[in-house]
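The values are calculated or read from the model by the stated rules, or taken from the named source; none is laboratory data. Since the model is a prediction, treat every value here as computed from it, not as a measurement. FYI the Cβ positions are ideal-geometry reconstructions off the backbone, even for glycines, and counts take in every protein chain you see. Areas reflect the complete protein model, heavy atoms only, side chains present, ligands, DNA and RNA absent. Shrake-Rupley method; radii C 1.70, N 1.55, O 1.52, S 1.80 Å.
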Amino acid sequence: MKHLKKHIIIIFLIFPVFLLAQSLKNYFDEFDNHCRNVRGYAGALKAEIERENAIIPDVAKKYVEKVGKCLADVRESYAKLKKSLNQKQLEMVGGNIKYLDEYCKRADLHYRNLTDELKKPDPKPERVREFAIAIYNELRKASQEVKLMKERLGVK
C-alpha cells in the first residue's frame, strides 16, 4: 500500500508538468501552423502575380484577405504562447521573443503596405510582389525563431 501511495503521489506531481509541457508544445505548433498559412497565401499571391505579370483584383483581394486573417491568427497564437511561458522560461528565450516581436511588427507593416498598394487605382505588380515576399520572409524567420525557442526550452 505504501508503494501505491508513493506512485500516486509521483503521478500527481509529474502529471501537471507533463500537461504544461504538452500545452506549450501545442502553442508553439499552433503559432508555426499560422505562420505557415500566411506564407502559403503570400507565396500564392506572389506566384499569381509572376504568372500573370499583372494584378487580377479579385484574386489579389482574396489572397490579401486570407493573409490578413491568418496574420490575426498569428498575433493571437503569439499572445497565447507568450502568456504560457513562466518567468524562468521568459528569461531563457527573452532574446528570441524580441526577434519575434520585430518579425511580427514588420509583417504587419508589410501587410498594411500591401493593402494600401492594392487600394490604389493602378497598383504596381512589382510592389505587390515585393510586399508578399517580405511578409513571407518575416514569417519564415519567425518560424525559425520558434524552432530555436523550442530547442532552448527542451520542447519536443
Quiz prompt | Lys, Arg +1 and Asp, Glu -1 on Cβ, resulting dipole of the chain about Cα centre, debye, nearest 20 | solution = 840 debye
Practice problem: For the range 58-133, report the translational diffusion coefficient in µm²/s to the nearest whole number, using Stokes-Einstein at 10 °C, 1.306 mPa s, and a Kirkwood Rh over Cα pairs. | Solution: 113 µm²/s
Quiz item: Which angle from 0 to 90°, rounded to the nearest 10, does the C-alpha axis of helix 125-153 make with the longest principal axis of the chain?
Solution: 10 degrees
Exercise. Determine the calculated [θ] at 222 nm for the chain from helices alone, applying -39500 (n - 2.57) to every DSSP H run no shorter than 4 residues and normalising by the residue count; nearest 500 deg cm²/dmol.
Key: -32000 deg cm²/dmol
Quiz item: Using θ = phi - 60° and the Karplus form 6.51 cos²θ - 1.76 cosθ + 1.60, what ³J(HN,Hα) does each residue of the range 49-62 get, whole Hz, x for Gly and Pro?
Solution: 5, 5, 5, 8, 6, 7, 9, 9, x, 5, 5, 4, 4, 5
Practice problem: Kindly write out, for the range 76-81 in residue order, the coupling ³J(HN,Hα) from the Karplus curve 6.51 cos²θ - 1.76 cosθ + 1.60 (θ = phi - 60°), rounded to whole Hz, with x marking Gly and Pro. | Solution: 5, 5, 5, 4, 4, 4
Exercise. Leaving out ligands and nucleic acids, note down the accessible area per residue over the chain with a 1.4 angstrom probe, in whole Å².
Key: 64 Å²
Exercise. Calculate how steeply helix 94-119 sits against the longest principal axis of the alpha-carbon atoms of the chain, using the helix alpha-carbon long axis, and give the answer as 0 to 90 degrees to the nearest 10.
Key: 30 degrees
Practice problem: Would you mind giving the average projected area, over all directions, of the Cα convex hull of the range 34-79 in nm² with one decimal? | Solution: 2.7 nm²
Practice problem: Provide the three semi-axes, in whole Å and in decreasing order, of the ellipsoid equivalent to the chain as defined by the square roots of 5 times the Cα gyration tensor eigenvalues. | Solution: 42, 14, 11
Practice problem: Might you work out the accessible area of Arg36 for me, using a 1.4 Å probe with all protein chains in place, and round it to the nearest 10 Å²? | Solution: 120 Å²
Self-check item: With every protein chain in place, the chain: carbon and sulfur % of accessible area (1.4 Å)
Solution: 57 percent
